[in-house]
1. Considering only region 79-98, how many residues are surrounded by 19 or more Cβ atoms within 10 Å (Cβ to Cβ) and under 13 Å from residue 37 (Cα atoms)?
2. Among the residues of region 22-39, are any out of contact with any helix residue (DSSP H, G or I) (no Cβ under 6 Å at 6 or more places or on another chain), farther than 30 Å from residue 120 by Cα, free of Cβ contacts under 8 Å to residues at least 24 places away in the same chain and in a loop (DSSP other than H, G, I, E, B)?
3. Any residue in region 40-69 that is closer than 17 Å to residue 86 by Cα sitting within a Cβ distance under 6 Å of a residue that is modelled with pLDDT under 95? List the pairs, counting only those 6 or more apart or interchain.
4. Search region 100-123 for residues that are without any contact (Cβ under 8 Å) to a residue 40 or more places away in the chain and pair each with any residue that is crowded, with 17+ Cβ neighbours inside 10 Å and assigned to a loop (DSSP other than H, G, I, E, B) when their beta-carbon atoms are under 8 Å apart and the residues are at least 6 apart or on different chains.
5. Select from region 90-128 the residues that are touching a helix residue (DSSP H, G or I) at 6+ places or on another chain (Cβ under 8 Å), closer than 23 Å to residue 40 by Cα and outside any helix (DSSP H, G or I) and list them in ascending order.
6. Do you know which residues across region 70-89 are in contact with a helix residue (DSSP H, G or I) (Cβ under 9 Å, 6 or more places away or on another chain), more than 23 Å from residue 11 (Cα to Cα) and touching a residue at least 24 places away in the same chain (Cβ under 8 Å)?
């Protein structure tokens, strides 16, 4: 069986950042999948499941309600390795195209107070697995250490 493209990225050299994971053509529309890498793979602890779940709830809600981008948002969800999220958007886009939106998203999460959207037994299949304080901490860390100072290593996969 052939490796899928995401398994061909050198995870020993991959930094935190925003990367184009793939682009697909669906009818006449380009769909861009971004790798929103919050943790350096195999070099630092993965995201705690509760924090990542809360980030998912907050980011998905924020993005799907964004006044400018909401019609282009297809998906936001966690990676199985717990080092980041996949973000799927309509359009032929680059990391720098979505960087301002991701800054807004992570600022929203870092400063969020109140009930977590969709965190009830009726709305979520694992509603108790939430950790807002840790989600806020991780969002602030990613925002200040990565998004606010993007470099080439944070937007281009290693060769």
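The values are calculated or read from the model by the stated rules, or taken from the named source; none is laboratory data. As the structure is a prediction and not an experimental result, all values here were calculated from the model. We place every Cβ from the backbone using ideal geometry, glycine too, and count neighbours over all the protein chains shown.
1. Number satisfying all stated conditions: 6.
2. Within region 22-39, one or more residues are out of contact with any helix residue (DSSP H, G or I) (no Cβ under 6 Å at 6 or more places or on another chain), farther than 30 Å from residue 120 by Cα, free of Cβ contacts under 8 Å to residues at least 24 places away in the same chain and in a loop (DSSP other than H, G, I, E, B).
3. Going by the 6 Å Cβ cut-off, the qualifying pairs are 41/11.
4. 101/69
5. none
6. The one that is in contact with a helix residue (DSSP H, G or I) (Cβ under 9 Å, 6 or more places away or on another chain), more than 23 Å from residue 11 (Cα to Cα) and touching a residue at least 24 places away in the same chain (Cβ under 8 Å): 89.
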